[in-house]
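Each remark here refers to the structure printed beneath this line.
The values are calculated or read from the model by the stated rules, or taken from the named source; none is laboratory data. None of these values were measured; they are calculated from a predicted model. Cβ sites come from the backbone with ideal geometry, for glycine too, and all protein chains shown count toward neighbours. The area values use the complete protein model at the heavy-atom level, side chains included, leaving out ligands, DNA and RNA. Shrake-Rupley method; radii C 1.70, N 1.55, O 1.52, S 1.80 Å.
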Amino acid sequence: MDRSKLLWGLIMVPVFYYVGLIGGGLLWPGYSHASQYASELGSAAAPYPMFFNANAILCGLAAVVGGVGLAHALTRLSGKRGWAWAAGISIALWGVAVIVAGLFPMPHDLHGAHGLGIAGQFTSLFALLALRKVDGLGPLKAFLAFIFVASLVMFAIMMGIAGPLRRANIGIWQRVNSALGIPYLAVLGWVLLQRMRPR
């Protein structure tokens with residue numbers, strides 16, 4: 001089996017996420033992307049919670065599949081098995097957390113998966129470390145470095161450590177955080193998929 005095709009999982013992660021987020025918002029008249037959490041779209045207060053939760057579960061499954069593909073692709077390209085599998089496992093753990101969130105909607109105690117999703121904060125760093133000596137991927141490496149640093153800043157803001165986080169704008173900051181931590185996975189998956197093709 002050509003495991004590089006599993007990278008399509010990474011490419012599909014933002015598709016499922018934003019279908020759930022945007023579609024769920026459209027299905028809830030009066031929902032505010034500025035002041036409400038994304039997870040509220042899957043709560044009992046939402047008119048169609050299953051729409052959001054089903055997409056969350058698909059998003060998480062895609063991340064798990066993509067994590068396996070990422071680990072194998074990075075290993076083949078770099079030979080850095082440790083960093084490669086750290087990258088794959090970290091995004092797969094994030095995927096498991098998203099699946100749990102979809103199965104146990106807000107405000108269930110398990111919705112946060114006990115912080116398991118934090119592992120995904122390090123995927124970009126681990127991928128960068130795996131690729132650091134691979135030639136011809138300079139733009140991707142710079143992109144991954146930016147994502148990691150920006151994500152750390154956003155993590156500090158989301159945790160209330162720094163920044164203007166307020167209940168009235170929590171939705172905005174959460175969207176910025178997800179914009180840094182989710183779409184880049186499709187870029188990473190696509191670039192690696194192209195690199196893995198026979199020349």
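Over the chain, accessible surface divided per residue gives 49 Å², non-protein components excluded, 1.4 Å probe. Within the same chain, lysines fewer than 8 places from LYS133 are excluded, and of the rest, those with a Cα less than 20 Å from its Cα are LYS80, LYS141. Taking the protein heavy atoms of the range 142-188 in the context of the full set of protein chains, the accessible area attributed to carbon and sulfur is 78 percent at 1.4 Å. Farthest toward the positive end of the dipole of the chain, out of PHE122, PRO105, GLY30, is the Cα of PHE122, where the dipole comes from beta carbon charges about the Cα centre. Where the centroid of each part is defined by its Cα atoms, how far is the range 41-96 from the range 123-137 in Å? A separation of 19 Å, based on Cα centres. Its Cα centre serving as origin, the chain has a Cβ charge dipole (Lys and Arg +1, Asp and Glu -1) of approximately 780 debye. Ellipticity at 222 nm from helices only: DSSP H runs of n ≥ 4 in the chain, each -39500 (n - 2.57), divided by the residue count, give -22000 deg cm²/dmol.
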